[in-house]
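Please read the structure below before turning to the comments.
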Amino acid sequence: MLWFSLLVLIPLAAVVVKSAEGGWGTFADAVTNRQTFAALRLTVLTSVGVTALNMVMGTIIAWVLVRDRFPGKAILDLVIDIPFALPTIVAGLVLLALYGPTSPIGVHAANTRLAVFLAIAFVTLPFIVRTVQPVLEEMERDVEEAAASLGASRFTTFRRIILPTLAPAIFAGAALSFARGISEYGSLVLLSGNLPYRTEVTSVRMLTYLEGGDTASAAAVATILLVVALLAIVTLDVIQRRVARRG
Amino acid sequence: MSIEVRNVTKRFGDFVALEDVTVSLPTGQLTALLGPSGGGKSTLLRIIAGLDTADEGTIDIEGTEATNLPARKRNVGFVFQHYAVFKHMTVAKNVAFGLEIRKRPKDEIEHRVDELLRLVHLQQFAHRLPSQLSGGQRQRMALARALAVEPKVLLLDEPFGALDAKVRRELREWLRRLHDEVHVTTVFVTHDQEEALEVSDEIVVINEGRVEQIGSPDDLYDHPANDFVMGFLGEVTTVNGQKVRPHDVDISTTPILAGAAQGTISRVLRVGFQVRVNVLTDGGEDVTVELTKSHANALGLGEGTTVWVTPTPGSIPRMVEKAG
Ligand SMILES: Nc1ncnc2c1ncn2[C@@H]1O[C@H](COP(=O)(O)OP(=O)(O)OP(=O)(O)O)[C@@H](O)[C@H]1O
Ligand SMILES: [Mg+2]
């Protein structure tokens, strides 16, 4: 508990105190600034979208990795972690090479909101795969067989038995994925172009404040992100409990 | 005949798990599939349930050709060794699962679940989660869950295998009584011959993927078809070249028994109310004799005592088969 406090609570408190130092006025100014608001909205909405996509795709990929047999499976299993293991700026370079002006696959996402989406999707992919995978591996096959012998179709078994079992893992991964999404910087700064009102994300906006010596505004934005993250975690937890109980 | 298994063969790669197995299991009976570990009992049970498919052969359930039916359409109740509970559902929900899938009316489901929980003595645990039950209670819940859909046959794969000896014994007696009440055709797998002899109407002995013998418990015990069945159903010892059960050996301290072999006691071991005596005969046989403690005391048996042993008249010995 002490360790947790030192590691997590004190820095968090520092940010909140810092933002409060500027007084309510600075805080309100920072938040009502149209450019900042646009950045916040883009960041949060994109993270929500990416997280929703990850919940579906991540679960499917985990399923394929655990249940299917195919050549190259071990390699895929390794590749999943690459977005996670790469330094984010390297990830940014990779994305720029792939989707930038010289895209070899013909997708030109540079300087668009799609770039933000792709970058966040890229770096957050492993989260749900890696939280769901061990739970799937531990799940006993005889539970599914029991459902089948009681007359359940594959779909019913998935919805009523497998999904409620996986729900805690899916939502834990989603919380991580969302938190990473709203704080992402390195991987999207190259490809997105950081155009104010269009592709500028919150972390870039905060950096601008800091470069301008406006620490109080940066801290204010940080506090808002903190609140958003907390809200997201609580919401996800509430939904998770519903799904797990529904069975 | 309720379940007809005809010429079923099952291979896992090169390994033959079942080889040309034919059995018919009569309606309303409690049948045990008995055999050593790895013999193919679970495989056969899973093929009957549709959880595995046979490479060759056919399965009929209550006159319906079921060979190619998926598990969910066979209307077979299956109970697994490790309970296979739905962890996130309460006991009542677990039991209701099959009925909910069949979209039965709510009040009918409630009524039936209540009835079943009463049957397995779990009515006071209806709202608990399976993790809050003991192993024996979980297995009773699994049994109620399987019975809820009124299956044509009930299949149990070592249902009490994960429980301790005392609970096992209680539950097997309870299963017998339950079967007499419910009368659903039941097949249960066990590698415990005592369990099979005690509760079943009929025993199918399976070894190395083949059926060794089918018969009533008495039949199998008294007239084993071969050495394997004899050895598997109980201990065997050899006296004067004849194979008998250790409790079918007469022992005396004087040579009054006709044709008895003379020997010396090499070991005396007391197990509860029984005494096991090892006799080394002059003919070189190591004979195991089982007798009650009071009998052994009356004879004054001890290590080094000279005794005479012979198969009890009226017991059914088997001649030792010549090698080859
Ligand atoms: N899915 C499988 N793949 C490969 N081999 C298998 C598979 N299932 C069973 N076997 C083999 O088939 C043989 C019979 O297995 P089975 O589970 O039917 O034995 P059993 O009689 O139930 O034994 P036990 O009493 O230990 O449960 C075993 O040698 C086992 O290794
Ligand atoms: Mg088995």
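Summary of values
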| item | result |
| --- | --- |
| C-alpha long axis of helix B:165-182 to longest principal axis of chain B, angle in ° | 60 |
| Computed P(r) (all Cα pairs; chain A; 10 Å bins; percent) | 7, 25, 30, 22, 11, 3, 0 |
| Selected from B:89, B:230, B:141 as most flexible by GNM, with chain B as the system and alpha-carbon contacts under 10 Å | B:89 |
| Ascending count of other beta-carbon atoms within 10 Å, so fewest first, for B:238, A:102 | A:102, B:238 |
| Two-decimal Rg/Rh across region A:98-162, once Rg and the Kirkwood Rh are taken from alpha-carbon atoms | 1.30 |
| Acute angle (nearest 10 degrees) that the helix B:91-101 long axis makes with the longest principal axis of chain B, alpha-carbon atoms | 60 |
| Likely footprinting exposure, A:3, B:308, fewest C-beta neighbours within 10 Å first | A:3, B:308 |
| Leading residue at positive end of dipole, region B:2-229 (Cβ point charges), from B:63, B:78, B:5 | B:78 |
| Debye equation applied to the C-alpha atoms of region A:123-190, log10 I(q)/I(0) at 0.15, 0.28 Å⁻¹ | -0.58, -1.14 |
| Binned Cα-Cα distances of the protein assembly as shown, short to long, each 10 Å bin given as a whole percent | 3, 13, 17, 16, 13, 13, 10, 7, 4, 3, 1, 0 |
| Centre separation in Å (Cα based) which lies between region A:167-184 and region B:96-114 | 37 |
| Exposure proxy order (Cβ contacts within 10 Å, fewest to most) of A:238, A:44 | A:238, A:44 |
| Kirkwood Rh and Cα Rg combined as Rg over Rh, evaluated for region A:118-247 | 1.15 |
| GNM result for chain B, Cα springs below 10 Å: residue of B:24, B:294, B:37 fluctuating most strongly | B:294 |
| Cubic angstrom per residue, convex hull over Cα atoms of region B:126-218 | 121 |
| Percent of C-alpha pairs per 20 Å bin, chain B, short to long | 28, 46, 23, 3 |
| Cα-based equivalent ellipsoid of region B:17-145: semi-axis lengths in Å, sorted from largest, via gyration tensor | 30, 18, 13 |
| Theoretical gain in end-to-end length, residue B:194 to residue B:173 [0.36 nm per residue, Cα-Cα removed] | 6.4 nm |
| Rounded Å value of the spacing that divides the Cα centres of region B:120-145 and region A:193-247 | 46 |
| Dipole of region B:2-229 [Lys/Arg +1, Asp/Glu -1 at C-beta], most positive-end residue of B:163, B:21, B:130 | B:130 |
| Pairwise Lys count, the protein assembly as shown - Cα closer than 17 Å, eight or more residues apart or different chains | 6 |
| Centre separation in Å (Cα based) which lies between region A:58-73 and region B:190-223 | 43 |
| Chain B: most fluctuating residue of B:188, B:160, B:97 per GNM, C-alpha cutoff 10 Å | B:97 |
| MRE, 222 nm, helices only [DSSP H, n ≥ 4, -39500 (n - 2.57), over chain A, to nearest 500] | -24500 deg cm²/dmol |
| Rounded to 10°, Cα long-axis angle of helix B:106-119 versus longest principal axis of chain B | 10 |
| Over chain B: helical MRE at 222 nm, DSSP H runs n ≥ 4 each giving -39500 (n - 2.57), nearest 500 | -8500 deg cm²/dmol |
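No value in this document is a laboratory result; all are computed from the given coordinates. Small disclaimer: the values here were computed from a predicted structure and weren't measured. Positions of Cβ are backbone-derived with ideal geometry, glycine not excepted, and every protein chain shown enters the neighbour counts.
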